[in-house]
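This report refers to the structure that appears directly beneath it.
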Amino acid sequence: MIALEEVRKTYLLGKTKVEALKGVTFQINKGEMVCLMGPSGSGKSTLLNLAGCLDRPDSGKIWIDGEEVSLYSLKKLAGIRSSKIGFIFQAFNLIPVINVYENIEFPLMIKKEKISEKEKKTRIDNLIQAVGLEKFAKHRPDELSGGQRQRVAIARALVSSPEIVFADEPTANLDSETGKTILELLASLNQNKKTTFVFATHDPSITRYATSLFQMKDGILSKKEI
Ligand SMILES: Nc1ncnc2c1ncn2[C@@H]1O[C@H](COP(=O)(O)OP(=O)(O)OP(=O)(O)O)[C@@H](O)[C@H]1O
Ligand SMILES: [Mg+2]
């Protein structure tokens with residue numbers, strides 16, 4: 001359902017060229033939990049951003065559900081994201097001027113699918129409970145700790161019931177107990193709704209949940225045996 005073929009991405013850092021992805025080819029099937037490991041700067045976030053339709057490759061092809069998206073405009077990519085993809089960012093990207101409930105509600109405001117106000121509220125309340133933020137629903141992100149913000153970002157990524165969730169270091173700011181609760185929540189969505197997850201992480205405890213493992217090194221991806 002997600003396929004990349006010979007995907008390349010180079011950034012310009014001042015005058016230096018950084019080859020973040022040097023021809024990455026891989027395929028992920030529906031219902032997988034994929035874990036992308038690799039040292040800092042190896043290209044994990046870059047790969048997630050491209051496969052997650054946040055950015056475009058310099059060359060190579062990307063397919064989502066059989067639809068080639070590599071040459072789509074950023075606007076068209078936003079449409080694909082809103083209908084199928086959830087994203088948990090390394091830097092959370094929460095909206096600072098609205099509260100936790102409203103941050104989680106946000107993807108539903110821009111999604112075309114119409115759901116009733118009642119169902120919307122139930123969904124958001126259930127997610128807030130699932131990530132353990134009942135007491136903070138009315139607070140703004142700047143009143144929360146790093147781990148609490150991370151949990152808002154996770155609830156926000158799940159609220160539109162996406163088919164695919166890309167998660168960049170989803171447990172990085174969480175203590176191991178909260179990290180485990182969150183991973184159990186994601187694993188149950190994977191089991192019950194066949195949601196596909198792609199994690200980029202340094203956290204070896206995530207690999208326990210993975211159906212396939214990849215290693216990123218200097219912009220080159222290789223498959224690892226579990
Ligand atoms: N917007 C950008 N502009 C310039 N260079 C970038 C940009 N984004 C990433 N890079 C460079 O591309 C390379 C890959 O970065 P990337 O963020 O994909 O690594 P990563 O594996 O996610 O690292 P980390 O584990 O630290 O999050 C790095 O050398 C980085 O400096
Ligand atoms: Mg990264």
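Things to note:
- Qualifying residue in region 77-85 (condition: of a type in the set (Val, Ile, Thr) and in contact (Cβ under 8 Å) with a residue 60 or more places away in the chain): yes
- Odd one out for residue 211 among (1) in contact with an Asp or Glu (Cβ under 6 Å, 6 or more places away or on another chain); (2) more than 16 Å from ligand 2 (Cβ to nearest atom); (3) open to solvent by less than 20 Å² (accessible area, probe 1.4 Å): (3)
- Taking each residue of region 181-210 that is within 22 Å of residue 43 (Cα to Cα) and looking for partners that are open to solvent by 10 Å² or more (accessible area, probe 1.4 Å) and of a type in the set (Lys, Arg) with beta-carbon atoms closer than 7 Å, six or more apart or interchain, yields 196/30; 200/44.
- The condition of being of a type in the set (Asp, Glu) and within 16 Å of ligand 2 (Cβ to nearest atom) does not hold for residue 125.
- Residue 93 satisfies every condition listed in (1) open to solvent by 30 Å² or more (accessible area, probe 1.4 Å); (2) at pLDDT 95 or above except (2).
- Lone qualifier among 154, 164, 182, 206 - being farther than 17 Å from residue 29 by Cα, under 11 Å from the mean Cα position of the chain (by Cα) and open to solvent by less than 20 Å² (accessible area, probe 1.4 Å): 154
- Scanning region 56-70 for residues that are open to solvent by 40 Å² or more (accessible area, probe 1.4 Å), in a loop (DSSP other than H, G, I, E, B) and in contact with a Lys or Arg (Cβ under 6 Å, 6 or more places away or on another chain) gives a single hit, 58.
- Subset tally (residues that are part of a helix (DSSP H, G or I) and over 18 Å from the mean Cα position of the chain (by Cα)) for region 71-113: 6
So that you can scan it fast, the table gives a plain yes or no per residue for (1) within 16 Å of ligand 2 (Cβ to nearest atom); (2) farther than 18 Å from residue 212 by Cβ; (3) in contact with a strand residue (DSSP E or B) (Cβ under 9 Å, 6 or more places away or on another chain):
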position: 21; (1), (2), (3): yes, yes, yes
position: 37; (1), (2), (3): yes, no, yes
position: 48; (1), (2), (3): yes, no, yes
position: 60; (1), (2), (3): no, yes, yes
position: 74; (1), (2), (3): no, yes, no
position: 81; (1), (2), (3): no, yes, yes
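The values are calculated or read from the model by the stated rules, or taken from the named source; none is laboratory data. If you're wondering where the values come from, they're calculated on a predicted model, not measured in any experiment. Note that each Cβ is placed from the backbone with ideal geometry, even for glycine, and that neighbours are counted across all protein chains shown. Accessible surface is based on the protein model in full, side chains and every heavy atom, while ligands, DNA and RNA are left aside. Shrake-Rupley method; radii C 1.70, N 1.55, O 1.52, S 1.80 Å.
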